[in-house]
Amino acid sequence: MILTRICFAILLLVVYSRPLGAQFDEPADLVQPLVDAANSRWFYFNSATRPFGMVNLSPDMGIEGAWNSGYRYNQDTIRAFSHIHAWQLSGIPVLPTTGSFRGHLGPSKYGSAYSHEREMVKAGYHQIYLDSYDVDVELTATNRVGFHRYTFPIDQLCHIQVDLATFLGPCDQKSGMVRKVNDQELEGYALMGATRRRPKDTYVYFVISLDKPFEKFGTWRDGALVQDETEHIEGERVGAYVSFQSSGEVETRLMKVAISYVSVEQARLNMEQELSHWDFDGTVADARNDWNKWLSRIKVEGGTLEQQQRFYTDLWHALQGRRIISDVNGKYCDMTGERREIRQIPLDESGKPKFDHYNSDSYWGAQWTLNTLWHLVYPEVSEAFVNSMIMMYEDGGLIPRGPSGGNYTYVMTGSSSTPFIVSAYQKGLRNFDIDKAYEGLVSNHLPGGMMAHAGYEHNSALGGGLDYYMQDGYVPYPLPDGGHGFHESGGGQTMEYAYQDWCLAQMAKALGKDEDYTTFMNRSQNYRNLWNADLGWMWIREQGGKWRSPEDVLDGKGWVEGNAAQFTWFVPHDLDGLANLMGGRKSMSQKLDFAFSEAIKHDFTASKSHDQETARQNARRYINYGNQPSIQTAFIFNYAGTPWLTQKWSRKVVDGVYSGISPQLGYNGDEDQGLMGSLAVLMKVGLFSMRGGAAVQPVYDIGSPIFDKITIDLNSDYYEGGKLEIETVSNSKENMYIQSATFQDTPLDQCWIYHEDLVKGGKLTLRMGPEPNQQWASDPDSLPPSSFTDK
């Protein structure tokens, strides 16, 4: 056994330590999960997990709260290894220990010291040594099962604990149960308490299986060990542990932990279907192969080793965070109604679920990130998420904008899932109930729908200010009789609603819903009601139409996680209209160039971490690429007739915000479950979509790729093109400017391409140089569609 472990460790080092360009380099080998790990949010960090896996198994240094919790690189104590790191959800913390048992005393007493020098973290695998207990821990996972390998020291009393008494990340463990099934298996549940965002308690069921018998099963309640021998404990502040004596040799124990939101029986089924064996090394290899399959959809060549490492780390994050909550057979827990219901995803002809159900943070900002990346590279994922949202509409009456454990959370504002679903439809991803989807989207844009809810407004539908928006053409700030939820910020809400209305109008047009098209197109022009011509920026209005005083475009009051200087540019559907308000494209370009010239002074972000980003003095930024409201701005220059400024500023944003592989920084605020990872990927390959792909004829905007060659494998079930190649000639850090371009060997004198042409495959070639070619793609007749009436 020891020899096998040594050989496996050597294999890992060989696989993950090759120089760039070595024969067997694959994308999973380049992923650096520790990027920005010092600033982790509960659901940010990933190691022992699969793409969108229900299980996201990793060490927890911080366990108090949703922020500054989970894996925290700079903290010195590991409290647990828990299996769920999701939006407003956590669950099943375990820990191997030795010596006198201390699990009942709480995390502050039983936590272990560790060192990064004795740690290895890779895609699908995490190894770390618990110094306080002399236990080596290795972790991997399938979609729904965590797999542990513990190496205990010789001649020691060893324990494995399940602490259902501790607070865990975003929520408390309200109660729990652990039952001894036999001397190799435990089962139970944890009732994860409701949060301000997830309004209902949520059950997480588990089955724990060990490869060898344990000698003792013990429990505790309210911080005290239960002295009576028992094979079951249930209630509040409880926990359980198993104990055994290690032999005169190093003791290795394997443990599988399967979870389900439905039942213990379903957790056991998940284990039987996904991990019926005890081959830990084989599972690590399977996880790596799985990640390679997903990450290899995009192949990059050129650039530095660090640039390639960071690119695949960005892509890795784009496939994380938004996690499966349905079981292997399609059973899932619906929490949208008055009581908990167990339901079934429709099955295909082979008896397998047609799609998975998902837990997700908001789609706020997805129009510039997930829409473009997933729909192009992972269209099957996009369809699965659309089906999941439609199913939730059928269950609860609303298409969600950020569900958690089957609950509506009403996270953020507006109807942020509208651009995602509309974009999928416009790009030909239509394996879902189109009529039902459209019905749900329209409902969301009307009183009582998702747009009417402010952030985390569970019991009313007033904080969104939708009645004011529909009647007066804007949401006032402050909202009269407000206080219903978070983000009651009329300026930001008005700008978002206008764009989302335009998106819905495009689907109405495509479906021949002429009356709806007219209604939502008219509403999409409401952004104009916030244009303050004297100020030269968008500005907030109070009830009755009066401009809010004092006027300060860098102050965040009245805007949703931004300010007027940032939200002024939130008109992706009608940049021609915005340019006209500003006095023409030239004036718009000059104004935006000024904003970037100011933003570069602070690396285009409000701070390097989210806990500093919200400080008022740090929020006074013209551009902030650490949050979503202004992440489209670098590509607006394409629409202003100055595409060389898109090339310049998008490159500088990549350098300043989305570069490097340090654990101390990386996403400058909040990666937000793949949103910022996706954005970084798109900027680095030189593709973007200003309108989020929601136009009847979607287009891609061309930026400035950082690699010599990018090859995208197109899914043949959706797109006929096979491969899309983006090749740059004479590319370098200095040579950021496009001199000329060809597509399919035909000269291209425009900075955009229709989706329908791009997915036919072929090659886009960009010749780069150190100085701007201001003649390329700048003719007014060659600019991308930018009027709200354009297709």
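Kindly establish whether P400 is buried (at least 24 other Cβ atoms within 10 Å of the Cβ) and within 19 Å of L462 (Cα to Cα). The answer is yes for P400.
Of all residues in the range 453-476, those that are crowded, with 23+ Cβ neighbours inside 10 Å, out of contact with any strand residue (DSSP E or B) (no Cβ under 7 Å at 6 or more places or on another chain), in contact (Cβ under 8 Å) with a residue 24 or more places away in the chain and in a loop (DSSP other than H, G, I, E, B) total 4.
Is it the case, given these coordinates, that K763 is modelled with pLDDT of 95 or more and of a type in the set (D, E, K, R)? So K763 fits the description; yes. Residues in the range 522-574 that are on the phi > 0 side of the Ramachandran plot and either open to solvent by less than 10 Å² (accessible area, probe 1.4 Å) or not small (G, A, S) (or both): G558, E561.
I need the full set of residues from the range 63-73 which are surrounded by fewer than 24 Cβ atoms within 10 Å (Cβ to Cβ) and either in contact (Cβ under 8 Å) with a residue 60 or more places away in the chain or hydrophobic (A, V, I, L, M, F, W, C) (or both), in order please. I63, E64, G65, A66, W67, N68, Y73, listed by residue number. The listed residues are G693, G674, G703, and the only one of them that is within 23 Å of E598 (Cβ to Cβ) and touching a helix residue (DSSP H, G or I) at 6+ places or on another chain (Cβ under 9 Å) turns out to be G703. Only residues that are in contact (Cβ under 8 Å) with a residue 60 or more places away in the chain, assigned to a loop (DSSP other than H, G, I, E, B) and small (G, A, S) were counted in the range 408-449, giving 4.
When Q75, Q127 are checked against the criterion of being polar (S, T, N, Q) and assigned to a loop (DSSP other than H, G, I, E, B), Q75 stands alone in meeting it. Picking from residues in the range 166-196 that are charged (D, E, K, R) and over 24 Å from the mean Cα position of the chain (by Cα), the one that is surrounded by the fewest Cβ atoms within 10 Å (Cβ to Cβ) is D183.
Looking across the range 249-279, the residues that are open to solvent by 70 Å² or more (accessible area, probe 1.4 Å) and assigned to a helix (DSSP H, G or I) come down to E265, E272, Q273. Condition test on E394, is it in contact with a Leu (Cβ under 9 Å, 6 or more places away or on another chain), at negative phi and of a type outside the set (F, W, Y)? For E394, the condition - in contact with a Leu (Cβ under 9 Å, 6 or more places away or on another chain), at negative phi and of a type outside the set (F, W, Y) - is not met.
Just one of the listed residues (Y358, Y393) is more than 16 Å from the chain's Cα centre (by Cα) and open to solvent by 10 Å² or more (accessible area, probe 1.4 Å), namely Y393. Being free of Cβ contacts under 8 Å to residues at least 60 places away in the same chain, open to solvent by 10 Å² or more (accessible area, probe 1.4 Å), under 29 Å from S778 (Cα atoms) and of a type in the set (K, R) is true of K652.
If you go through the range 218-247 one residue at a time, how many are in a loop (DSSP other than H, G, I, E, B), touching a Phe, Trp or Tyr at 6+ places or on another chain (Cβ under 9 Å) and more than 18 Å from M177 (Cβ to Cβ)? Qualifying residue count for the region: 1. Of G321, G282, G303, all but one fail to be at pLDDT below 95 and either at positive phi or outside any strand (DSSP E or B) (or both); the exception is G321. Taken as a whole, the condition of being of a type outside the set (S, T, N, Q), open to solvent by less than 30 Å² (accessible area, probe 1.4 Å) and touching a residue at least 24 places away in the same chain (Cβ under 8 Å) applies to R144. Scanning the range 63-105 for residues that are aromatic (F, W, Y) and either farther than 30 Å from M412 by Cβ or modelled with pLDDT of 95 or more (or both) yields Y71, Y73, F81, F101. Restricting attention to the range 24-57 and to residues that are under 16 Å from the mean Cα position of the chain (by Cα) and part of a helix (DSSP H, G or I), the residue that is surrounded by the most Cβ atoms within 10 Å (Cβ to Cβ) turns out to be N39.
Do we have any residue at all in the range 120-129 that's of a type in the set (K, R), within 21 Å of G70 (Cβ to Cβ), touching a helix residue (DSSP H, G or I) at 6+ places or on another chain (Cβ under 8 Å) and buried (at least 16 other Cβ atoms within 10 Å of the Cβ)? The answer is yes; a qualifying residue exists.
Among the residues of the range 655-682, just one is outside any helix (DSSP H, G or I), modelled with pLDDT of 95 or more and open to solvent by less than 10 Å² (accessible area, probe 1.4 Å), namely Y658.
The values are calculated or read from the model by the stated rules, or taken from the named source; none is laboratory data. Values in this document were obtained by computation on a predicted structure and should not be read as measured data. Heads up, the Cβs are rebuilt from the backbone with ideal geometry, glycines too, and the neighbour counts pull from every protein chain shown. We work out accessible area using only protein heavy atoms, side chains counted, and drop any ligands, DNA or RNA first. Shrake-Rupley method; radii C 1.70, N 1.55, O 1.52, S 1.80 Å.
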